[in-house]
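K.L.:
Below is the structure I would like to discuss, written out as structure tokens.
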Amino acid sequence: INCSCNAVLLIRRCQLWAGKGAIGKMISRYYSNKLKTKYGIFVTGSKKIGKGLKLPHPNGIIIGVNEIGKNCTIYQQVTFGSKNIGDFKYNLQPNVGDNCVFFAGSKIIGNIKIANGTTVGANCVLNLDTEENSTYVGIPAHIVKKKNQS
């Protein structure tokens, strides 16, 4: 198994065991620690992550989201997280739609909705809701392209 598939497998195992009582929580923590030490990937709790997740370069990724949809791609050093300390307790984290791509070093911050088909450019800081099938770049992020919907 290549490292990309292995990282996704570890995330899935964390999710599988997280909601299964005290022993499940312990097993989930084991897989979570393995993710952190081997890849530097941190996933908060048992959040919903859809099928088809791709991590082409699994290194230094922070996944603090309420949900990630299907067929999303996350490159290295991407961070999803809360805007303020403690916001995660109230689920004030990003919600990611289907078929989104997050390029290297991008930061997705706050209680925002990432619409289906969103592409976030490298080293972008995104702190606003996105439009469907659009591309965002810059610090702070702004829309640069809206894909045709046929």
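The values are calculated or read from the model by the stated rules, or taken from the named source; none is laboratory data. Here the structure is a predicted model, which is why all the values come from computation and not from measurement. Please note: Cβ atoms are built from the backbone with ideal geometry, for glycine as well, and neighbour counts cover all protein chains shown. Keep in mind that these areas ignore ligands, DNA and RNA; they rest on the heavy atoms of the full protein, side chains included. Shrake-Rupley method; radii C 1.70, N 1.55, O 1.52, S 1.80 Å.
K.L.:
Mind checking the range 8-66 for trypsin sites (Lys or Arg not before Pro) that DSSP puts in a loop (not H, G, I, E or B) and that have at most 11 other Cβ atoms within 10 Å?
P.N.:
K51
K.L.:
Using the scaling law 2.2 N^0.38 Å as the reference, what is the normalised Cα Rg of the range 110-150?
P.N.:
Normalised by 2.2 N^0.38 Å, the Cα Rg of the range 110-150 equals 1.07.
K.L.:
What is the angle, in °, between the Cα long axis of helix 21-39 and the longest principal axis of the Cα atoms in the chain? Nearest 10 is fine, range 0 to 90.
P.N.:
Roughly 60 degrees, rounded to the nearest 10.
K.L.:
Can you give the calculated 222 nm mean residue ellipticity of the chain, where each DSSP H run of n ≥ 4 adds -39,500 (n - 2.57) and the sum is split over every residue, rounded to the nearest 500 deg cm²/dmol?
P.N.:
So the calculated ellipticity at 222 nm is -8000 deg cm²/dmol.
K.L.:
Still on this structure: On a 0 to 90 degree scale, rounded to 10, what angle separates helix 3-18 from the longest Cα axis of the chain?
P.N.:
70 degrees
K.L.:
How large are Rg and Dmax for the range 43-119 when calculated on the C-alpha trace, in angstrom?
P.N.:
When restricted to the Cα atoms of the range 43-119, Rg and Dmax are 11.2, 31 Å.
K.L.:
Could I ask something else about it? Search the structure for amide H atoms under 5 Å from the amide H of G52, placed 1.01 Å from N in the peptide plane, and list their residues when 5 or more places away or on another chain.
P.N.:
The answer is N71.
K.L.:
In sequence order, what are the phi-derived ³J(HN,Hα) couplings for the range 75-85 according to the Karplus relation 6.51 cos²θ - 1.76 cosθ + 1.60 with θ = phi - 60°, rounded to whole Hz, with x for glycine and proline?
P.N.:
Going residue by residue, I get 8, 5, 6, 8, 10, 10, x, 6, 7, 10, 4 Hz, with x marking Gly and Pro.
K.L.:
Whole-Hz ³J(HN,Hα) for each residue in the range 128-142, computed from phi via Karplus 6.51 cos²θ - 1.76 cosθ + 1.60 with θ = phi - 60°, x for glycine and proline: what do you get?
P.N.:
Each residue's phi maps through the Karplus curve to give 9, 4, 10, 8, 4, 6, 10, 10, 10, 9, x, 10, x, 5, 9 Hz.
K.L.:
Nearest 20 debye, what's the magnitude of the dipole of the range 58-150 about its Cα centre given +1 on Lys and Arg Cβ and -1 on Asp and Glu Cβ?
P.N.:
Dipole of the range 58-150, to the nearest 20 debye: 120 debye.
K.L.:
How big is the Rg/Rh ratio for the range 1-75, C-alpha atoms only, Rh by Kirkwood, two decimals?
P.N.:
Reported Rg/Rh (Cα atoms, Kirkwood Rh): 0.94.
K.L.:
Binned at 5 Å from 0, what are the whole-percent values of the Cα-Cα distance distribution for the chain, short to long?
P.N.:
The calculated distribution, bin by bin, is 2, 10, 19, 23, 21, 13, 7, 3, 1, 0.
K.L.:
Return the long-range amide H neighbours of T119 (sequence gap of 5 or more, or a different chain), with a cut-off of under 5 Å between placed amide H atoms.
P.N.:
V101, S134, T135, Y136
K.L.:
Ignoring ligands, DNA and RNA, what percent of the accessible area of the chain is carbon or sulfur (1.4 Å)?
P.N.:
It is 55 percent, rounded to a whole number.
K.L.:
On to the next question. Per residue, what accessible area does the chain have, given a 1.4 Å probe and all protein chains present, in Å²?
P.N.:
About 54 Å² of surface per residue is accessible.
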